[in-house]
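The values are calculated or read from the model by the stated rules, or taken from the named source; none is laboratory data. Note that this is a predicted model, so its numbers are computed, not measured. Cβ atoms come from the backbone with ideal geometry, glycine included; neighbour counts cover every protein chain shown.
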Amino acid sequence: MPLYSTEAVVIRTRDYRESDRIVTFFTRDFGKISGIARSARRSTKRFSGSLDLFCHVMVQFFEKRSQNLVRVEGCDLLAHFHHIRQDVRKMAHMSYLVELILLMAPEREKQAELFDLLLQVQGVFNTGPYSSQKALFFEMRFLALLGYAPHLNNCLSCGAGIESGRSFGFHPERGGLLCSRCAIDRNELVGVSLGTLKLLEAHRLLGGEKAGRLVFSPLALNELQRLLRALVIHKLGRKPRSMGFMEQFMGTDR
Ligand SMILES: [Zn+2]
């Protein structure tokens, strides 16, 4: 049984039997992995707070043949992200992003880019004030890396671009826009204004730091939020638990 070691973030943890814990890690090298940490609740020395939710850790584990769960042998804390825990909106948003990984990322498939993004979000949330704009754009990047990037610059059916002057709506099932001429049932569409679409396109084209300087109005943020959440609900066939929790705490302050 080889001992593996990898960087990871704790994305779920629950008590098991009398003194154990079952922990799900999102690891840099192996993707999503669940393991059992024996006596984690009895011996504070061995894991010393490193199995708390959102912790950035270095985890060592054994793979057990014929078992889904790995055996967590050791776990060293790299960062705890205390400040995320002190702001309920940050906690709510982190819980949502982590639930997207739990529900949408395949088991044991390396996704280093998504791992880096998760750490980046934690760093930003931990050091700065909560920003719903930043949080929403992180959410969109998460969805893109999970394979669900929304298509937002032209009509999926006829190809008309947002500069064509037509009005558009977002179709969650198709994951993109339909123009007013192509939409058969407007009830299926999530409303999104041309102004918001143009801002999103400018954001996409600018990229990086410059894009971060664009300021989105509360209306634009609200529209972006509605279409991203509709997309997730459609892909999962249900509302993730943390989405409801998050909605209670989502303001439009930046
Ligand atoms: Zn069209």
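Counting only residues that are in contact (Cβ under 8 Å) with a residue 24 or more places away in the chain and not in a helix (DSSP H, G or I), how many does the stretch 184-210 have?
Narrowing the stretch 184-210 to residues in contact (Cβ under 8 Å) with a residue 24 or more places away in the chain: 190-198, 200-201, 203-204.
So of that shortlist, the ones also not in a helix (DSSP H, G or I) come out as 190-193.
Residues in the stretch 184-210 being in contact (Cβ under 8 Å) with a residue 24 or more places away in the chain and not in a helix (DSSP H, G or I): 4 in total.
Go through the residues of the stretch 186-195 one by one and say whether even a single one is touching a Lys or Arg at 6+ places or on another chain (Cβ under 6 Å) and more than 17 Å from Leu228 (Cβ to Cβ). Show your work before the answer.
Of all residues in the stretch 186-195, those touching a Lys or Arg at 6+ places or on another chain (Cβ under 6 Å) come to 190.
When the remaining residues are screened for being more than 17 Å from Leu228 (Cβ to Cβ), the result is none.
Within the stretch 186-195, not a single residue is touching a Lys or Arg at 6+ places or on another chain (Cβ under 6 Å) and more than 17 Å from Leu228 (Cβ to Cβ).
Given (1) among the acidic types (Asp, Glu); (2) surrounded by 13 or more Cβ atoms within 10 Å (Cβ to Cβ); (3) within 16 Å of the ligand (Cβ to nearest atom), where does Glu201 come up short, assuming only one miss?
Here Glu201 meets the rest and fails (3).
For the stretch 13-36, check the following and say yes or no: at least one residue is over 30 Å from Ala149 (Cα atoms), part of a loop (DSSP other than H, G, I, E, B), in contact with a Cys (Cβ under 7 Å, 6 or more places away or on another chain) and not assigned by TED's automatic domain parsing to the domain that holds Gly147. Full working, then the answer.
Residues of the stretch 13-36 that are over 30 Å from Ala149 (Cα atoms), as a first pass: 14-22, 35-36.
Filter once more, keeping what is part of a loop (DSSP other than H, G, I, E, B): 17-19.
The next check asks that each one be in contact with a Cys (Cβ under 7 Å, 6 or more places away or on another chain); those that pass are none.
No, the conditions are met nowhere in the stretch 13-36.
For residues in the stretch 157-168 being more than 9 Å from the ligand (Cβ to nearest atom) and part of a loop (DSSP other than H, G, I, E, B), which is surrounded by the most Cβ atoms within 10 Å (Cβ to Cβ)?
Among residues in the stretch 157-168 that are more than 9 Å from the ligand (Cβ to nearest atom) and part of a loop (DSSP other than H, G, I, E, B), the one surrounded by the most Cβ atoms within 10 Å (Cβ to Cβ) is Ser167.
Acidic (Asp, Glu) and either assigned by TED's automatic domain parsing to the domain that holds Ile11 or away from the ligand (no atom under 16 Å from the Cβ) (or both), is that true of Glu139?
On the way: acidic (Asp, Glu): yes; either assigned by TED's automatic domain parsing to the domain that holds Ile11 or away from the ligand (no atom under 16 Å from the Cβ) (or both): yes.
Yes: the conditions hold for Glu139.
Could you tell me whether any residue of the stretch 101-108 is buried (at least 21 other Cβ atoms within 10 Å of the Cβ), under 26 Å from His171 (Cβ atoms), away from the ligand (no atom under 16 Å from the Cβ) and not assigned by TED's automatic domain parsing to the domain that holds Gly212?
yes
Scan (1) surrounded by 14 or more Cβ atoms within 10 Å (Cβ to Cβ); (2) under 30 Å from Leu199 (Cβ atoms) for the single condition Val88 breaks and write down its number.
For Val88, the failing item is (1).
If the requirement is being more than 14 Å from the ligand (Cβ to nearest atom), free of Cβ contacts under 8 Å to residues at least 40 places away in the same chain, of a type in the set (A, V, I, L, M) and under 20 Å from Val98 (Cβ atoms), which of these qualifies: Leu145, Leu231?
Values: Leu231 fails: free of Cβ contacts under 8 Å to residues at least 40 places away in the same chain.
Going through Leu145, Leu231 in turn, just one is more than 14 Å from the ligand (Cβ to nearest atom), free of Cβ contacts under 8 Å to residues at least 40 places away in the same chain, of a type in the set (A, V, I, L, M) and under 20 Å from Val98 (Cβ atoms): Leu145.
Would you check which residues across the stretch 118-148 are crowded, with 17+ Cβ neighbours inside 10 Å, closer than 18 Å to His80 by Cβ and polar (S, T, N, Q) and list them?
Matches in the stretch 118-148: Gln122, Asn126.
Mind counting the residues in the stretch 87-103 that are under 11 Å from the mean Cα position of the chain (by Cα) and touching a residue at least 60 places away in the same chain (Cβ under 8 Å)?
Restricting attention to the stretch 87-103, the residues satisfying the condition of being under 11 Å from the mean Cα position of the chain (by Cα) are 93-103.
From what is left, the residues that are touching a residue at least 60 places away in the same chain (Cβ under 8 Å) are 93, 95-96, 98-103.
Final tally of qualifying residues: 9.
Answer yes if at least one residue in the stretch 75-96 is closer than 20 Å to Arg17 by Cβ and not assigned by TED's automatic domain parsing to the domain that holds Phe142, and no otherwise.
Filtering the stretch 75-96 down to residues closer than 20 Å to Arg17 by Cβ leaves 75.
After this cut, where a residue has to be not assigned by TED's automatic domain parsing to the domain that holds Phe142 as well, the list is 75.
Yes.
Could you please find all residues in the stretch 169-183 being more than 11 Å from the ligand (Cβ to nearest atom) and in a loop (DSSP other than H, G, I, E, B)?
Pro172, Glu173, Arg174, Gly175
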